[in-house]
Structure formats: structure tokens, C-alpha cells
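In what follows, a single structure is set out as C-alpha cells and then discussed.
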Amino acid sequence: MIRLLGTGFACLVGLFLIAPVLVTVASSLTTTRYVTFPPQGFTLRWYAEVFRKEEFLSSFVLSVGVALAAAAVSAVVGLACGLAIHRYRFPGRAALEGVLASAFAVPTIVLGIGLLQWFAQMGLASSPFTLLLAHLVLTVPYTVRLVLAGLAGLDRSAEKAAAGLGAAPFLVFWHVTLPAVRGPLIGGAFFAFITSFDDLTVALFVVTTDLQTLPVRIFNYMQYDYDPTVTAIGTLMVLFAAVAVVVIERFVGVAKLFGADTEQNR
Amino acid sequence: MAAIGRVSDGTLSRPRWRTGLLLALPAVVIFGLLFAAPLFTLVANSFRTQTGAFTLSNYERFLGDPFYRGVLWNTLKVAAMTTIGCLLVGYPFALYMRGRSPRVRNWLALLLLSPLLISMVIRAYGWLVVLGPNGPVAAVLKWVGITPPQLLYNDTAVLIGMIHVMLAYMVLPLMGSLDRIDPTLVPAARGLGAPGWTCFWRITLPLSAPGMLAGAMIVFSLTASSFVTPAILGGPKVKLMPYFVYTQATTTLDWPYAAAIGFILVVVTTGLLLGYARLLRRNNGDVVFQ
């Protein structure tokens, strides 16, 4: 009886967790001009509508470009920084660790308005480049965290054995160290991609009317229109995120990103 | 852990700290220029007038105005309610998760984390549809014969949206705590004749307190400072601090005041959390519930 109650409760929580996505995907198929659930009829016209709206396409291109750059840069910077923290003692190491930890704690909105005022003070006009810079602050702490976790699991004696057998430092890095952090790096890069691609809070402060990322475009569009176009874009973005999640889960495990390990102590 | 094994390496004789610094340099530059400097600018600007002179007026304005004090109070209230909501939903869910196989647990964790991996605009938009006048909740209420009340643009809508995102932050630390409980304790107590409820109250609940409290801290601070979900689900009617940071910065264009509101938000939330953490340490964390 209690078992049944537990299962029922878990199913309800599950439904609660997937409800917004479920409803978004379903109502993107409605034939009505307004968003409704359950959807009425079946049409793909809202998807066609998405591709007809040029401003959405240009925003999509901008978002993908910035997100790809953010993923690549965070992977490289994260690897270098992770190695530095794990392997070396250098002046300011503790401070760097402290800053990386506090980056998780500072509210994104405060960071956004700080960047707005700082960029203005520097005379830096908003461009895809400033967007990338802003997003790196959000993504690098995660890649560093994952790289550090990967390095912690690496047996240093393998590296020493390789070095002792005469392998050059670069070869040791390439054949022993890098494979150990490959999973975390790929997972971290994909997470950096979706973090940048989905970011609204920071982007809102950094963008202009001519330069809007996709989330900003949707946010502004939502204020005036309530047609199912947004649900169609939403469905496409969910698919996008789903691909990224599958990759992350394959290489590092999603729970690790948030500092938890579900299989711990089992 | 990082310090071990380095000295005996001996493969490199040149000063190794230079290599370390070089590797860390990109991150140092990024966080120096794009994290430390903006936050410093923000704090500095909050003590300036629009023309740049030093002033405390931004803070006086906030603290002297009952409207803004109300906004701060409401922010803390919504954060506290979200925390309680996450605990009420999350605790039974964590207990359920604990009894499952590692495979199922992994799936459940993924399910919990899924809201965090979807674009927050889309997630909030989804709730607009779910709770909206043409949504499933309204449809069910109509079918039962109740005229659906306004479900959007109020504290309840924000609460639902926030619990949805924050649940993972409560359940995952809770799982960590529950897993550390010696699995023989409860059967031992049962064997000695303690009823199930007593076991829960005297063993499971107190021993899982650290996870609960860690989760509560994360949920509270993240909720108090979140902007997108409350802005979309609550609209201008639900008055929260991050919303005013945004409108002051982009609509009213009073940057020093926006900076001051942002800084007050950071100070109040971190201050509360530090006080809470100290309180816990004094009580040794786990005796709180006895």
C-alpha cells in the first residue's frame, strides 16, 4: 500500500517536472491561432512560420555562433586552469579557486548589470564578442570543475611510468593525461554550449535591439504575441537541448555538473 | 590532494610555479576583467549619483521607502516559501529515489535536472500555457465545474515555476545525506520494536538534516536572485528585487540605483546564509531536529 502510494507520488512529481515541456511540444501542433492545450487538430504550420521569420533565424545564427565559441574557449581555458590548480602551486592560486567558487554564488542578474556598467565604462560597444566574453564567466567555472574531477580520478603513477620510460612531456600529456579528462572536457563543452545558448539574464543586459540572441528575441516577442510560433521554437530548442543532454550524460553524467553523484556510496 | 607527488617528480627543474601561472593565466584574465572588475564597478557605482559624485542617497532611498522595503520583504518571503515547497515535495521524492536501483536513480536524477537543462524562457513559457486560461489546469477545473481563477501573474504562479526549477537543488544534497545513513540503523530499531514512524522521526530525519539544510541554503539564495522565471510568470505585479534591478537598469536608466538594489540583494542573501550557517554550526547541524 505504501509502496503504491510512493509510486503514485513519484509519478505526480514526474508529471509536474515534464508538464511545461509536454504542453509546449503538444500545443505547437494546434491549428488555432492562439496557444491552447489540448491542441486542436494537427498542423506543422507554426514550424514553417518560424523559418519564415527572418529575425528569429538571424538570432538563432547569432546564438549558435556565440555558444560554439563559448564551448570551445571554455574547454581550452577550463583544461588549462584545471591543470594549473591541480598540479601547480603559484601565487594567487587560492584566490583563483575562491573566485571560481564564488562565480557560482553571485546572482546572474547582478553579474549582468555589472557587465553592462563595466562595458559602458570601458567604451565597449555590444557585439557578438562582448556576448561571448560575458558568457565565459558563466561557463568556465563548470568546465574547470569537471576537469578537476577528471584529474582527481587519474592515477599519477601512469604518467610517471610513461615519463620514466622516456616519453617526452608532451607525449605524456597527449597519451596519458588528456584521455583521462576527455570525457569531462566534451561534457563540459556541451554544457557550456547550452548554458550560453539558453542564457537570457546576462544577455538581456549585453544586447541591443539589432543584436538579439534567440532567448532575448523570444522574451521580447512573448510580450506582444501569444501565437503558437513560440511553442514551435520552444520545441526545436528542447530537441537541441536533448541532444546536448544525451552527449553530456554519455561522457560525464548530468548530475556531476551540479556537483552531485547519484551513484555515490552505492 | 594537489600538493602530493609534485616535489618528488624531479622531471622538470625550472620553477614550476611559472608554468602553473601561465596555464591559469587565461582564466585569471577572464575572471579579473569580466567578473571582479564588473562587480567592483557595480559596488562603486552604487555609491555615486548619476553625475558621478559620491553619495549614500541610493541606499537611503531604498531603505527609506516602504515600497522598496516591501519588495525586499516579498523577495525573502517568496524565496522562503519556495524553499519550504521544495522540501515538502523533495523529501518524499528523495526517500522514493533511495529505494530504487542505481539505474532508476540515474533516470530520476536526470528527470529532476531536466528543467535546468531547458532554456528558461521556454520553461517559463510552458508554465504560462499550463496555467493559462486555455491550459490544461483551467480545462480540468472547468470540467469539474469550477470557474478557473486567475492562475498567472501572482505569487502562486512564481512559486510553482520556482519549485519546478529548484527541486533538483533540494533533492540531490538530500540524497547525499540519506545515502550516508548506516543502512542497518533502521532495521535494528525496527527489530527492537520501534514503529516505522518513530524510526523516521528519530533516525532518518535527524540524520538527513545536513542535506536538507544544504539544499535549503542553495534553493533560498538562488530563488531570491532569480529573474527570468518570476518576471515571466509573475509579471510586474509580483514585486521582487531582481525585477527592479532590471527595470531600473533598462527602463528608468538609473544605473546607480540599479547597482544599489543589486548590491543590497547580494548583501542580504549572503548575510542571511552566513548567519544561518553559523547558527547551524553552533547547533552542530544535526541536533537541530531533536
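The values are calculated or read from the model by the stated rules, or taken from the named source; none is laboratory data. What you see is a predicted model, and the numbers here were worked out from it, not measured in a lab. As a convention, Cβ positions derive from the backbone with ideal geometry for all residues, glycine included, and neighbour counts pool all protein chains shown.
Points worth noting:
- Number of positions in the range A:12-67 that are part of a helix (DSSP H, G or I), of a type in the set (Val, Ile, Thr) and either closer than 19 Å to B:ALA138 by Cα or without any contact (Cβ under 8 Å) to a residue 40 or more places away in the chain (or both): 7
- For B:ARG123, the conditions (1) crowded, with 16+ Cβ neighbours inside 10 Å; (2) without any contact (Cβ under 8 Å) to a residue 24 or more places away in the chain; (3) charged (D, E, K, R) all hold with the exception of (2).
- The one condition in (1) in a helix (DSSP H, G or I); (2) within 10 Å of another protein chain (Cβ to nearest Cβ) that A:ARG250 fails to fulfil: (2)
- Test result for A:ALA241, among the small types (Gly, Ala, Ser) and either assigned to a helix (DSSP H, G or I) or crowded, with 20+ Cβ neighbours inside 10 Å (or both): yes
- Verdict on A:LEU115 being at pLDDT 90 or above and more than 7 Å from chain B (Cβ to nearest Cβ): no
Here's the yes/no breakdown for (1) on the phi < 0 side of the Ramachandran plot; (2) modelled with pLDDT under 90; (3) more than 10 Å from every other protein chain (Cβ to nearest Cβ); (4) surrounded by 20 or more Cβ atoms within 10 Å (Cβ to Cβ):
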{"site": "B:TRP127", "(1), (2), (3), (4)": "yes, no, no, yes"}
{"site": "B:VAL171", "(1), (2), (3), (4)": "yes, no, no, yes"}
{"site": "B:ALA194", "(1), (2), (3), (4)": "yes, yes, yes, no"}
{"site": "B:PHE200", "(1), (2), (3), (4)": "yes, yes, yes, no"}
{"site": "B:ILE218", "(1), (2), (3), (4)": "yes, yes, no, yes"}
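- Boolean, A:PHE119 is under 30 Å from A:PHE219 (Cβ atoms) and not aliphatic (A, V, I, L, M): yes
- Of the residues making up the range A:148-169, those that are assigned to a helix (DSSP H, G or I) and within 11 Å of another protein chain (Cβ to nearest Cβ) are A:LEU148, A:LEU151, A:ALA152, A:ARG156, A:SER157, A:GLU159, A:LYS160, A:ALA162, A:ALA163, A:GLY164, A:PRO169.
- Within the range B:133-166, restricting attention to residues that are within 7 Å of chain A (Cβ to nearest Cβ) and not in a helix (DSSP H, G or I), the residue that is nearest to A:LEU17 (Cα to Cα) is B:GLY135.
- Close pairs from the range B:67-85: first surrounded by 15 or more Cβ atoms within 10 Å (Cβ to Cβ), partner outside any helix (DSSP H, G or I), Cβ under 7 Å, at least 6 apart: B:VAL71/B:LYS239; B:VAL71/B:LEU240; B:ASN74/B:LYS239; B:ASN74/B:LEU240; B:THR75/B:LEU240; B:VAL78/B:LEU240
- The residues of the range A:118-132 that are touching a residue at least 12 places away in the same chain (Cβ under 8 Å) and either at the interface with chain B (Cβ under 7 Å from one of its Cβ atoms) or not in a helix (DSSP H, G or I) (or both), listed by number, are A:SER126, A:SER127.
- Hey, B:LEU222 assigned by TED's automatic domain parsing to the domain that holds B:ASN134, part of a helix (DSSP H, G or I), farther than 16 Å from A:ILE109 by Cα and in contact (Cβ under 8 Å) with a residue 40 or more places away in the chain or not: no
- Within this structure, B:ALA259 passes the test of being assigned to a helix (DSSP H, G or I) and over 20 Å from B:GLY70 (Cβ atoms).
- Residues in the range A:76-89 that are buried (at least 21 other Cβ atoms within 10 Å of the Cβ) and under 15 Å from B:VAL29 (Cβ atoms): 4 in all.
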